[in-house]
């Protein structure tokens, strides 16, 4: 089985030798042209036409009213939490099966991550578990939601669309609305993913995307906030530029701001990448279908696929294996063959800095951690 998978991957990527990465960027469009144009304009930092063009493209693509381009997805989430009103000592619900940046952004606000389990089919925050857990744990007081055990306000929820798979985000938003909890979607990995014909990142109050070097499209580093709330977008943009008051020559600042605005040269690269996004998604969906056909002949291996009424960008293809030993066997064999594969992240609640955070029963996340690996998923 291992050898057959190795041969299949090398044949698909037309690479008999050398490293096959999990996900590599592809630059086959106007990237160089737009970057040179940005350089020639001399506007290579956070002021320039490509930043504005990118925000317009993101709004059109996701059907959002406003977009704010920043230097990475983590900063996008941090700013979103700030303008959503998350304050020191608040608890923010998220999932333990996520990249550490999700919890870190919450901690940047001096808030407390509060971990709730995921569903096995979506790898994302479970609305069923969330609903039952909040019935036990939360109460509404003076218009706000509070943790009955800790006394802390639960001000926000950050569900994450894992590996480009849509979660049951409409149900999560509905539950959070009942408890006056604001939803900020971590859609870092799911640009191009739809659920019920609506783009991920647009169900909650705000959504964030990442354009890191390993994402489906990239600006080297980069992120963006999307929202339909004009006031929140204006606040986020203001804070991303050191809270500088607009003036032709004077330097005056009215709030604690951040140097988070995306540089024009990165935006130029991303504008070119956006032109090929749908082509990339079609290619990646075809690869997932090929993997599905391949694994259908083998027992005890499940390729994670999109749920009904969704269209995944299939940023990464994930396998669920029989147990921890089999997971480790796959990881060792493929990596020994110079075919990159990796396990899912270590659960965030087990990291030293988050061990004391509140949490629900996390049985699904623990089960997935022992069985899930990612295999090469690049566009080719």
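Below, the figures for the structure above:
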| quantity | calculated |
| --- | --- |
| Most mobile listed residue (141, 65, 32) in the chain, GNM with C-alpha springs under 10 Å | 141 |
| Mean separation of Cα contacts under 8 Å (6+ apart) over length of segment 31-275, as relative contact order % | 27 |
| Spin-label pair residue 32/residue 353, simplified geometry with 7 Å Cα→Cβ offset, distance in nm | 4.1 |
| For the chain: rounded, prolate or oblate by the Cα gyration tensor [a/c cutoff 1.5] | oblate |
| Exposure proxy order (Cβ contacts within 10 Å, fewest to most) of 174, 31, 136 | 136, 174, 31 |
| Spacing of the two label points (7 Å from each Cα toward its C-beta) at residue 2 and residue 256, in nm | 5.1 |
| Rounded Å value of the spacing that divides the Cα centres of segment 170-201 and segment 229-253 | 27 |
| Antiparallel bridge percentage (DSSP; both residues within segment 31-275; nearest 5) | 60 |
| Distance between segment 15-75 and segment 355-372 - C-alpha centres, whole angstrom | 35 |
| Ordering of 107-114, 362-369 by burial proxy (mean other Cβ atoms within 10 Å per residue, highest first) | 107-114, 362-369 |
| Label-point separation, residue 279 to residue 247 (7 Å along Cα→Cβ), nm | 4.7 |
| Dimensionless Rg ratio for segment 181-269, taking C-alpha atoms and the 2.2 N^0.38 Å reference | 1.23 |
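Bear in mind these aren't lab numbers, they're just calculated from the coordinates by the rules spelled out. No experiment lies behind these values; they were computed from the predicted model shown. Every residue, glycine as well, gets a Cβ built from its backbone with ideal geometry; the counts of neighbours run over all protein chains shown.
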